[in-house]
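Novice: Below are the structure tokens for one structure; questions will follow.
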Amino acid sequence: MERPSWAPRSIDITVPSVARVYDYYLGGSHNFEVDREAARKAMAFLPGLPKIMQANRAFMRRAVRYAAGEGITRFLDIGSGIPTFGSVHEVAREAHPGARVVYVDHDPVAVAHSQAVLEGDEDADVVAADFRKPRDILESPQVERLIDRNRPVALLLVAILHFVEDADDPYGAVAELRDALAPGSLLVLSHAAFEGVPLPPARAGGVIDVYKDIRSPLIMRSRDEIARFFEGYDMVEPGLVPMANWRPDTAPEDEDPYSFSGFAGVGRAA
């Protein structure tokens, strides 16, 4: 298999990557056949996965516009993945041209491609770090340079927490990040769940085994379990809802049924 110029020599291109699988769902070009094969296996159980991912990206963009409209100009996007059209810095700067953004991911391809996209951009950067180690993120030179933690920040945890097992204490990591940011900061979060999926859980559940096979456990939490991530935050209307129902740009009844899978919400730190 020929290695393209955007793939770092350090990565094993024979092993699927969650970030590259996600890129494939969104119609991107930064993926390999091994990623596409894993995606097709997952879609055999859950055919609407591309629609779910598109709804997730659309929620992210609406939430970033909301944050910018609230006067927030600093964004910390953890689990950012491979940049695609309409990334956080592009959306935020439509409202605030000087908005500063730090992307965080532990996938080498996501980090390398982010560095290429952001080259020469003094107000955006990328950190190679793991969500499960918040201190590594918070103390990184990139965050120290671009994120003033004495001012409200928009913390994005979009489609990442369902890849973190309870044994790794995702609730503790979210709380640590919350406590490190200024009052008035926003938490932008989306999370997979069986609730809202227009298929019987027994069939849709096959997707969990596919992700387990690529060494990325997929944790489908309930709405109540997802709501726990917002402890210490006041929910922004309309609360924790299916992704397509969070401040939609178009009538929800026009959306694909899969767009209502999982939950999304925004909270404001007290």
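The values are calculated or read from the model by the stated rules, or taken from the named source; none is laboratory data. Note that the coordinates shown come from a computational prediction; the quantities given were computed from them, not determined experimentally. Here the Cβ is made from the backbone with ideal geometry for all residues, glycine too, and neighbour counts use every protein chain on show. In case anyone asks, the SASA skips ligands and DNA or RNA and just uses the protein heavy atoms, side chains included. Shrake-Rupley method; radii C 1.70, N 1.55, O 1.52, S 1.80 Å.
Novice: Scan the range 7-26 residue by residue and report those that are at pLDDT below 90 and open to solvent by 60 Å² or more (accessible area, probe 1.4 Å).
Specialist: 9, 10, 12, 14
Novice: Condition (residue is in a helix (DSSP H, G or I), open to solvent by less than 10 Å² (accessible area, probe 1.4 Å) and among the polar types (S, T, N, Q)) applied to the range 95-114: is it met by at least one residue? I'd like the intermediate steps shown before the answer.
Specialist: Filtering the range 95-114 down to residues in a helix (DSSP H, G or I) leaves 95, 108-114.
Remaining after also requiring open to solvent by less than 10 Å² (accessible area, probe 1.4 Å): 109-110, 114.
Within this subset, residues satisfying the condition of being among the polar types (S, T, N, Q) are 114.
Yes; the residues of the range 95-114 include at least one that is in a helix (DSSP H, G or I), open to solvent by less than 10 Å² (accessible area, probe 1.4 Å) and among the polar types (S, T, N, Q).
Novice: Which numbered condition in (1) modelled with pLDDT of 95 or more; (2) over 25 Å from residue 135 (Cβ atoms); (3) touching a Phe, Trp or Tyr at 6+ places or on another chain (Cβ under 9 Å) is the only one that residue 69 fails?
Specialist: Status for residue 69: all satisfied but (3).
Novice: Give me a count of the residues in the range 143-166 that are open to solvent by less than 10 Å² (accessible area, probe 1.4 Å), closer than 22 Å to residue 243 by Cα and assigned to a helix (DSSP H, G or I).
Specialist: 1
Novice: Pairs please, first residue from the range 24-38 and aliphatic (A, V, I, L, M), second anywhere and open to solvent by less than 60 Å² (accessible area, probe 1.4 Å), Cβ atoms under 6 Å, 6+ apart in sequence or on different chains.
Specialist: What qualifies is 26/53; 26/84; 34/16; 38/16; 38/21; 38/214.
Novice: Out of 51, 41, which single residue is touching a Phe, Trp or Tyr at 6+ places or on another chain (Cβ under 7 Å) and at pLDDT 90 or above?
Specialist: Working: 41 fails: touching a Phe, Trp or Tyr at 6+ places or on another chain (Cβ under 7 Å).
Residue meeting the stated conditions: 51.
Novice: On to the next question. Scan the range 197-205 and give yes if some residue there is at pLDDT 95 or above and either surrounded by fewer than 19 Cβ atoms within 10 Å (Cβ to Cβ) or not aliphatic (A, V, I, L, M) (or both), otherwise no.
Specialist: No - not one qualifying residue is present in the range 197-205.
Novice: If you don't mind, another one. Tell me which of these residue 42 doesn't satisfy, since it passes every other one: (1) open to solvent by 10 Å² or more (accessible area, probe 1.4 Å); (2) over 26 Å from residue 129 (Cα atoms).
Specialist: Failed condition: (1).
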